[in-house]
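Scroll down for the structure; my scribbles are underneath it.
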Amino acid sequence: MFITLLKYVKPLEEAERFLDEHVQFLDKYYSQKKFIFSGRRNPRIGGVILMNASTEAEVKQIINEDPFYKHNIAEYDVIEFSPTKYDPRFSCFVD
């Protein structure tokens, strides 16, 4: 799994111009079961996406499609991790 932290490098108004396209991007990868959750950071300086991807190369390929990436709205910090302990209610995301 990968946690992807987005941090806006342009004003929020710029991000909002591409928000509908970004939501379409998110929907595409939710339908492919690649995204587990996503949301805004608080304060609103960017976002967070939890991805179920096989490799970091796959994550980077996905990120390349994000309008926020294409239009240099955000920078991305990708963190790979292996869940070793988790609430059983979330086992469907781990198994």
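The values are calculated or read from the model by the stated rules, or taken from the named source; none is laboratory data. What you are looking at is a predicted structure, and each value in this text was computed from that prediction instead of being measured. Because the Cβ atoms are built from the backbone with ideal geometry, glycine has one as well, and the counts that use them run over all protein chains shown.
R89 versus (1) farther than 25 Å from K10 by Cβ; (2) modelled with pLDDT of 95 or more: which is the lone unmet condition?
Single failed check for R89: (2).
Using the structure shown, decide if T4 is β-branched (V, I, T), closer than 14 Å to E80 by Cα, out of contact with any His (no Cβ under 7 Å at 6 or more places or on another chain) and free of Cβ contacts under 8 Å to residues at least 24 places away in the same chain. Outline the logic, then answer.
Working: β-branched (V, I, T): yes; closer than 14 Å to E80 by Cα: yes; out of contact with any His (no Cβ under 7 Å at 6 or more places or on another chain): yes; free of Cβ contacts under 8 Å to residues at least 24 places away in the same chain: no.
For T4, the condition - β-branched (V, I, T), closer than 14 Å to E80 by Cα, out of contact with any His (no Cβ under 7 Å at 6 or more places or on another chain) and free of Cβ contacts under 8 Å to residues at least 24 places away in the same chain - is not met.
Keeping to the range 55-95, report how many residues are acidic (D, E) and in contact with a helix residue (DSSP H, G or I) (Cβ under 8 Å, 6 or more places away or on another chain).
Number of matching residues: 3.
Kindly list the number of the only condition in (1) surrounded by 13 or more Cβ atoms within 10 Å (Cβ to Cβ); (2) in a helix (DSSP H, G or I) that fails for K10.
(2)
Please go through the range 6-28 and pick out each residue that is aliphatic (A, V, I, L, M) and farther than 13 Å from D66 by Cβ.
V9, L12
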